[in-house]
Every structure is written in structure tokens, then in C-alpha cells.
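The values are calculated or read from the model by the stated rules, or taken from the named source; none is laboratory data. Keep in mind it's a predicted model, so treat the numbers as computed, not measured. As a convention, Cβ positions derive from the backbone with ideal geometry for all residues, glycine included, and neighbour counts pool all protein chains shown.
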Amino acid sequence: LYAKFKRTGLVEDDKKAMATATATVVTDGAKQVFDDFFAADPTRSVRRAAEMLGIKRTSLQRIMKELELSPYKIQVTQPLNEDHTQR
């Protein structure tokens, strides 16, 4: 913060420099790798998949949206007893 103040004379953020950030472009080949990955194991969570593929979680979420895939959500269910049909 001090170095920025010394350099620019201001302490506020540089809005123009922040607006020039570019989005990462994902190639069709990379999309095919992600599609194959989830086709092989559709129960893989987004967090684990991003870790295994070596990309950011948010990037994987964006790619999944482009591929029209939905994230896997773990569901906890109750076990059925022997007398469940009688209830």
C-alpha cells in the first residue's frame, strides 16, 4: 500500500487496470478432456475433479456450465427397515 502510494500518490484502487483482466480461454480439446473425465466418473465432486485436473474450481464450474453438466451433490438417505412397506 505504501509502495503504491509512493508510486501513484493515491491509495485507492486503479479501476482501469483492474478492468483489463482477461478471461482464460478454454480450447475444445481441453473441454473434451473434462467431458471424458466426468463421463468416466460422474460422481466426482467439482472440488476433487479440479484438484485432480490441476485447474481452478471456478474455471471448472464455468466449463461445466458450457458443457451443460451439473455438479454432483452427495445425498444422505435413511436406510430402509424390513417393515418399511407396512408403514
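Yes or no: Leu80 of a type in the set (A, V, I, L, M) and modelled with pLDDT under 80? Yes; evaluated as a whole, the condition is true for this residue.
Scanning the stretch 53-65 for residues that are surrounded by 11 or more Cβ atoms within 10 Å (Cβ to Cβ) and in a helix (DSSP H, G or I) returns Leu53, Arg57, Ser59, Leu60, Gln61, Arg62, Ile63, Met64, Lys65.
Can you name every residue in the stretch 11-62 that is among the polar types (S, T, N, Q), touching a helix residue (DSSP H, G or I) at 6+ places or on another chain (Cβ under 9 Å) and modelled with pLDDT of 80 or more?
Thr58, Ser59, Gln61
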